[in-house]
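*Asks:* First the structure, which I've put down as structure tokens, then a few questions once you've had a look.
The values are calculated or read from the model by the stated rules, or taken from the named source; none is laboratory data. If you're wondering where the values come from, they're calculated on a predicted model, not measured in any experiment. For neighbour counting, all protein chains shown are included, and Cβ atoms are generated from backbone atoms with ideal geometry for every residue, glycine included. Calculation scope for accessible area: heavy atoms of the full protein, side chains included, ligands and nucleic acids excluded. Shrake-Rupley method; radii C 1.70, N 1.55, O 1.52, S 1.80 Å.
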Amino acid sequence: QFATKVVSCREAELRPEGGGDPVRGFQVVLEDTILFPEGGGQPDDRGLIGDVPVLRVTRRGPEAVHFVQAPLEPGSDVLLSLDWDRRFDHMQQHSGQHLITAITEQMFGFKTTSWELGRQRSVIELDTPSMTMEQIETLERSVNKKIRERVPVTVRELAADDPEIETVRGRGLPSDHAGPVRVVDIEGVDSNMCCGTHVSNLSDLQVIKLLGTEKGKKNKTNLVFLAGNRVLKSIEQSHSSEKALTSLLKNGPGEHVEAVRRLQSAVKLLQKNNLNLLRDIAVLIARDFKSKPDQDLFVLHRKEGDFEFMNIIANEIGTEETLLFLTVGDEKEAGLFLLAGPVEAVENLGPRVAELLGGKGAGKRGRFQGKATKMGRRGEVQALLQEFISHRRPEA
């Protein structure tokens, strides 16, 4: 917590990170703050001003701007509270990034070009087209060795014109930077210009797990990692999944992969057999219809099936004279439909059928098929088709 004073409060809008409508509120500037504004690859802190939640903290020149949804009186004394769990997580990930970046460059000469502290995992972009598994394993052992050695992490400030700045690693200062330059030192390992929050000793990182690499942009490699409590959370999630799979598959964790492979093979075989059966059923349905006296309209609905199933029926029956309306899916929900028959009739009726079924479709050469959201209106479609046929008959 930190006692401070409100300097200014003005109306503003905040655009949510996940998208959506802007949130109306207020931008508050305090005399000083313990909430970190987003920057340097690190997200912002969260907390309270009094009992008012802080939804975002951004930097405006030398000022930290706090977005809240309740107005605060300029000049009033307030107590600022920090969300420590979020802060400590960011400290672990950011100090972990500094350590990984420094050791990677020392061991392999791969420079860090950018990084992102994500909600679930963090990513370091390295200026190399690839990394081998051996390099990743060696790097992981080296960074965790430094953590076990309990190396101190210190912060110092240099004047903007201090020549020592030239010897400190960094990607340059923001164009609107003002005041001294902040340098984060990992004793004997790294010295880096940084505005972010860090642990005071590498032992606070607990452990770092490198999850592997992903292909980056412009011939670069993204190294994915977890630090500290995120490693524990990942193990907890993996263990929960392992327990659930053990219960479902009725075998030990070491046999899970092989058991899933066997299940996948069995499912593929069942799907193949099911498809063959559906094809046979389609042929039998078509032959049964053709064995009856001349009929102008054929209507069929099945819960199981697909476009291929319906088209097999249409092919077997023939659509030069007969109008076919076929549907598959849940009778009262969504599904698929096929209208087949004389080309002119289908061109005329297809869009109207799709509209009645609350769906969309397309057609050519006497076939119109698509997806429907209102299968319960199949009766209305059948009535429309029967009316069309009755007007088409010579006696009509």
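*Asks:* Rounded to the nearest 20 Debye, what is the dipole magnitude of the range 287-391 about its Cα centre when Lys and Arg each give +1 and Asp and Glu each give -1 at the C-beta?
*Replies:* Values: 15 positive and 17 negative charges, 57 e Å.
So the magnitude is around 280 debye.
*Asks:* Using a 1.4 angstrom probe with every protein chain in place, what is the largest-first accessible-area order of Met107, Met133?
*Replies:* Details: Met107 80, Met133 120 Å².
Largest accessible area first, the list is Met133, Met107.
*Asks:* When the scattering of the range 2-82 is computed by the Debye formula from its Cα atoms alone, each counted once and equally, what is log10 I(q)/I(0) at q = 0.12, 0.19, 0.25 Å⁻¹?
*Replies:* Reported log10 I(q)/I(0), two decimals: -0.30, -0.76, -1.31.
*Asks:* Next question, about the same structure. Per-residue counts of other Cβ atoms within 10 Å, averaged by peptide: what ranking do you get for 323-335, 93-105, highest first?
*Replies:* Details: 323-335: 18.1, 93-105: 23.5.
Answer by packing, highest mean first, reads 93-105, 323-335.
*Asks:* I've got another one for you. Rounding to the nearest 10 and keeping the result within 0 to 90°, find how far the Cα-based axis of helix 378-392 lies from the longest principal axis of the chain.
*Replies:* Helix 378-392 sits at roughly 40 degrees to that axis.
*Asks:* Suppose we take every Cα in the chain and form the convex hull; what volume per residue is that in Å³? List each step's numbers first, then the result.
*Replies:* Values: hull volume 96.9 nm³, N = 396.
That works out to 245 Å³ per residue.
*Asks:* Shifting gears a bit: Is there a pair in Lys145/Lys215; Lys268/Lys303; Lys268/Lys290 whose C-alpha atoms are over 29 Å apart, and which pairs would that be? List each step's numbers first, then the result.
*Replies:* Details: Lys145/Lys215 27 Å; Lys268/Lys303 21 Å; Lys268/Lys290 33 Å.
Beyond 29 Å: Lys268/Lys290.
*Asks:* A follow-up question, please. Under the classification rounded if a/c is under 1.5, otherwise prolate if a/b is larger than b/c and oblate if not, where does the range 115-186 fall, given a ≥ b ≥ c as square roots of the Cα gyration tensor eigenvalues? Let's see the in-between values first.
*Replies:* Working: a/c = 2.24, a/b = 1.65, b/c = 1.36.
Cα axes put the range 115-186 in the prolate bin.
*Asks:* Please report the carbon-and-sulfur percent of the accessible area for the chain; probe 1.4 Å, protein heavy atoms only, DNA, RNA and ligands left out. Kindly include the intermediate steps, with their values, before the conclusion.
*Replies:* Numbers: 11340 of 22650 Å².
Of all accessible area on the chain, carbon and sulfur atoms account for 50 percent.
*Asks:* Express the accessible area of the chain per residue in Å², computed with a 1.4 Å probe while the remaining protein chains stay in the model. Provide the component values of the computation, followed by the final result.
*Replies:* Details: 22650 Å² over 396 residues.
About 57 Å² of surface per residue is accessible.
*Asks:* For n ≥ 4 DSSP H runs only, could you compute -39500 (n - 2.57) per run for the chain, divide by its residues and tell me the 222 nm figure to the nearest 500?
*Replies:* Numbers: 7 runs with 137 residues, N = 396.
Calculated from helices alone, the mean residue ellipticity at 222 nm is -12000 deg cm²/dmol.
*Asks:* Can you tell me the relative contact order of the range 2-82? Whole percent, Cα pairs under 8 Å, sequence separation 6 or more. List each step's numbers first, then the result.
*Replies:* Working: 191 pairs, mean separation 30.4, N = 81.
Normalised by residue count, the contact order of the range 2-82 is 37 percent.
*Asks:* Have a look at Gly216, Thr167, Leu248 and report the one farthest towards the positive end of the charge dipole of the chain, computed about the Cα centre with Cβ charges (Lys/Arg +1, Asp/Glu -1).
*Replies:* After comparing all options, I get Leu248.
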